[in-house]
Amino acid sequence: MKIEEHLNNLNLYGMHRRWESLKENHDLMGLSLQEGLELLLQAEAELRSDRKRERLIKGANFRYQASVNEISFLPGRNLDRTTIATLADCSFIDKGETISVTGATGCGKSYLASAIGQQACLMGYKTIYLSMSKLMAQLKQAKAQGSNIKYLDNLSKHKLLIIDDFGLSCLDRPQSLDFMEIIEDRHGKLSTILVSQLPMADWYDLITENTIADALMDRIIHSAIRIELKGESLRKKR
């Protein structure tokens, strides 16, 4: 059996591609066995890493295909380059930190959250992007099917959870308890990005019961990295 067939049968497609390239460029004869093997293994590792990143980005279901390199720092946006550069290394995920992104409609909150999330995927962190309404709907459905524990367990496997449109409606008691459970599970261990049109000072009023609101806000507000976007709608400028 030829080398190419062995590589394909073993699903070593990166090595196969590099092998074909070396043959076409007649580089094989000038390489030692160790040098050739290192090149083949490097090609396989790169291909698998690229495919993992692609799977993570696809599975995250971002609202926008965004990049931290394309974030706008126009004057008046109240967006600091140093803050974004710090977040781009994703160390906040390793620390299990929470980020809040607030601002008026159209100021680029969802794009910013998507960009940070995609950066996390590029660095190998499993991420998921959900609107608050979709999160609550999925939880309600999971409860009806008796699979809410499984759903919450699956959610906890994501190193970064991005919740968009937080605060569009108030949470009733069951929703508040569900949300509290999610935040409690992630607090200090897994990262969450909350995106909202409302300033953080108004978040307390979204929870119908004061005791639950106190517990939630204690875990969110005091330790969150805050980004408050300002300025005119970016949509008007397009």
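The values are calculated or read from the model by the stated rules, or taken from the named source; none is laboratory data. Everything numeric here is computed off the predicted structure, so don't read it as measured data. Glycine gets a Cβ as well: all are built from the backbone with ideal geometry, and neighbour counts include every protein chain shown. Please note that ligands, DNA and RNA were not included when accessible areas were found on the heavy atoms of the full protein model with its side chains. Shrake-Rupley method; radii C 1.70, N 1.55, O 1.52, S 1.80 Å.
Quick notes on this one:
- Among the residues of the stretch 164-219, those that are open to solvent by 20 Å² or more (accessible area, probe 1.4 Å), assigned to a helix (DSSP H, G or I) and among the basic types (Lys, Arg) comprise ARG173, ARG219.
- Identity of the residue in the stretch 54-81, in a helix (DSSP H, G or I) and either aliphatic (A, V, I, L, M) or more than 16 Å from GLY117 (Cα to Cα) (or both), that ends up most open to solvent (accessible area, probe 1.4 Å): ARG81
- When the stretch 83-107 is limited to residues that are part of a helix (DSSP H, G or I) and open to solvent by 60 Å² or more (accessible area, probe 1.4 Å), the one that is farthest from PHE179 (Cα to Cα) turns out to be ALA85.
- Any hit, the stretch 176-192, residues being modelled with pLDDT of 95 or more and within 21 Å of LEU79 (Cα to Cα): yes
- Selection within the stretch 142-162 - assigned to a loop (DSSP other than H, G, I, E, B), open to solvent by 40 Å² or more (accessible area, probe 1.4 Å) and closer than 24 Å to ILE116 by Cβ: SER156, LYS157, LYS159
- For SER110, the conditions (1) within 28 Å of ASP50 (Cα to Cα); (2) open to solvent by 20 Å² or more (accessible area, probe 1.4 Å); (3) among the polar types (S, T, N, Q) are fulfilled apart from (2).
- Of everything listed in (1) of a type in the set (S, T, N, Q); (2) closer than 19 Å to HIS158 by Cβ; (3) touching a residue at least 12 places away in the same chain (Cβ under 8 Å), the single unmet condition for SER91 is (3).
- Qualifying residue in the stretch 62-77 (condition: touching a Cys at 6+ places or on another chain (Cβ under 9 Å) and modelled with pLDDT under 95): yes
- Look at (1) open to solvent by 30 Å² or more (accessible area, probe 1.4 Å); (2) under 22 Å from ARG226 (Cβ atoms); (3) among the hydroxyl-bearing types (Ser, Thr, Tyr) and you find that SER21 fails only one, number (2).
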